[in-house]
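What follows is a structure written as structure tokens; I'll ask about it next.
Every number in this text was worked out from the coordinates using simple rules, so none of it is lab data. Values in this document were obtained by computation on a predicted structure and should not be read as measured data. Virtual Cβ from ideal backbone geometry, glycine too; neighbours counted across all protein chains shown.
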Amino acid sequence: MSEALTNPTAGYYTQRDVFGTAGDFITSPEISQMFGEMIGIWVVAQWQTSMGKPKKLNLVELGPGRGTLMADLIRGTRVFREFSAALSINLVEVSPVLRSIQMKNLGVSVMDETHSTHQMGDQVKAHTAAGIPVTWHRSMDSIEYSDGPVLYLAHEFFDALPVNQFQLTPRGWCERLVDENYGNDVSSDKTNGPHFRMVLSPGPTPSVRTLLQWRLQSMTVQERSKLKAIEISPQAVALAETLAEKIGCHGGAALIIDYGKDGPYADSLMAIKNHERCDVFDTPGFADLSAWVDFEAIRLAVNKSSQGATTYGPISQAQFLHGLGIIERLKKLLENASVEQSSALIAGYHRLVSDECNVDGNDSNESHESHENNTSGGTGMGQSYKVMCIVPSGQPPPIPFQ
Ligand code: SAH
């Protein structure tokens with residue numbers, strides 16, 4: 001999954017702009033400017049109330065896509081001058097193509113390009129037109145934090161992290177592994193290129209003994225007895241631990257938004273190409289691969305790290321956006337909008353908070369909203385997308401997680 005998505009020369013994300021009508025799917029920041037603006041309000045509220053208006057704030061976005069969320073956040077918060085002056089932005093992006101698009105959308109002038117000693121760790125330092133410093137990184141490891149707390153944003157980032165899949169068999173828990181199919185599969189009519197297929201490990205693998213055992217420990221005997229298969233993302237667990245450690249150490253917060261639920265999935269791995277689902281082994285590197293996010297595993301990882309951080313949520317995206325005042329924002333925008341703009345704003349609002357996804361077939365821009373089997377509480381983006389935050393231990397739940 002990792003190779004198919006982020007291989008430097010053949011990865012899905014590294015080679016193209018994947019978003020919008022011409023791409024494979026659409027995300028919330030691309031649906032409406034109000035999405036980034038609401039995240040901006042949340043960030044300012046954290047800076048103001050929970051952090052006490054520090055003079056420096058490191059804002060880190062993981063997987064910024066086209067940079068639309070960050071551009072809307074910066075524009076929407078510029079009335080808070082002290083906040084804008086405190087901002088120092090770090091963008092973690094593996095794709096050179098998307099990185100260039102982010103630069104354009106943030107209106108930056110590149111100041112300095114340094115090739116750090118990290119493997120493939122080239123950084124680019126720049127400033128936005130308003131003078132906010134922005135640094136691009138290939139991974140979180142190269143971020144150097146200036147003084148002050150750190151605020152992380154991860155919108156549709158965790159779903160792109162690779163998963164391991166496990167299955168209960170008569171011989172105990174086994175791992176589902178990817179095997180190369182050497183062409184002796186008579187049912188396959190494809191003759192060109194490597195074919196892949198899923199196979200079961202003959203017995204417990206190291207991941208069965210470690211990762212799976214760790215995830216099973218948190219379950220009751222009853223929950224475990226019902227389980228036949230489970231998916232776990234070791235990278236998601238490791239990232240949650242890192243975020244907890246950083247927030248425990250520097251102060252700050254993390255906001256994680258993704259499609260998922262407060263519990264594990266059996267098999268949610270999916271591929272999307274040209275707005276349609278396809279087999280995960282169809283044309284690797286040309287289809288988006290993603291898995292639904294197990295927010296319970298993130299909470300367990302944060303608690304496990306015991307580095308002085310705690311989680312709130314997940315709450316639904318509809319609850320989150322309504323709690324932050326998206327309706328008031330919509331009304332304000334409608335005051336000066338043309339008829340065309342008004343209908344786009346209203347349609348965007350409904351799509352972001354809806355319970356049910358558009359089933360009339362007009363929705364050519366496929367998001368991940370309609371994966372019926374994996375949603376909990378509704379198939380629309382308002383319900384299938386969830387929001388969780390990580391904050392320092394002892395901090396009361398931030399708005400709107402109360
Ligand atoms: N947040 C954006 C994009 C989501 S798609 C939006 O909502 O529109 C996932 C993003 O994460 C893309 O920008 C992709 O290039 C990036 N990405 C995926 N895997 C990554 C990894 N391992 N390291 C850094 N960036 C990654």
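Straight-line reach from K386: which lysines have Cα under 28 Å away, leaving out those fewer than 8 places along the same chain?
Within the straight-line cut-off, K386 pairs with K53, K226, K228, K246, K261, K273, K304, K331, K332.
Could you give P(r) for the range 1-71, binned at 10 Å from zero, as whole percent values over all Cα-Cα pairs?
Per 10 Å bin, starting at 0, the Cα pair percentages come out as 17, 37, 27, 17, 2.
Based on Cβ point charges of +1 for Lys and Arg and -1 for Asp and Glu, what charge dipole magnitude is obtained for the range 138-286 about its Cα centre, in debye rounded to the nearest 20?
Using only the charged Cβ atoms, the result is roughly 580 debye.
What is the helix-to-structure angle for 96-106, meaning the angle in degrees between its Cα long axis and the longest Cα principal axis of the chain, kept from 0 to 90 and rounded to the nearest 10?
It is inclined by approximately 20 degrees.
What are the extents of the Cα atoms of the chain along their three principal axes, listed from largest to smallest and rounded to whole Å?
Principal-axis extents of the chain (Cα, largest first): 64, 47, 45 Å.
Give me the angle, in degrees from 0 to 90, between the Cα long axis of helix 326-335 and the longest principal axis of the Cα atoms of the chain, rounded to the nearest 10.
With both axes taken from Cα atoms, the answer is about 50 degrees.
To the nearest 500 deg cm²/dmol, what mean residue ellipticity at 222 nm is calculated for the chain from DSSP H runs of n ≥ 4 alone, each contributing -39,500 (n - 2.57), summed and divided by the residues?
Calculated from helices alone, the mean residue ellipticity at 222 nm is -8500 deg cm²/dmol.
With springs only between Cα atoms under 10 Å, which of G378, G252, G172 fluctuates most in a Gaussian network model of the chain?
G172
Work through the residues other than R176 whose Cβ is under 11 Å from its Cβ and net out their charges, Lys, Arg +1 and Asp, Glu -1.
-3
Given +1 on the Cβ of Lys and Arg, -1 on the Cβ of Asp and Glu, and no further charges, what dipole in debye does the chain carry about its Cα centre, rounded to the nearest 20? It would help to have the intermediate numbers written out before the result.
Values: 32 positive and 45 negative charges, 228 e Å.
That gives a dipole near 1100 debye.
With a 10 Å radius around each residue's Cβ, average the other Cβ atoms per peptide and rank 156-164, 382-390, 258-266, highest first.
382-390, 156-164, 258-266
Another question, then. What's the local net charge at S393, with K and R +1, D and E -1, over the other residues with C-beta under 14 Å away? Provide the component values of the computation, followed by the final result.
Working: positive: K246, R299, K304; negative: E245.
After counting each charged neighbour, the total is +2.
If one takes the longest principal axis of the Cα atoms in the chain, at what angle in degrees, from 0 to 90 and to the nearest 10, does the Cα axis of helix 295-305 lie?
On a 0 to 90 degree scale, this one is about 80.
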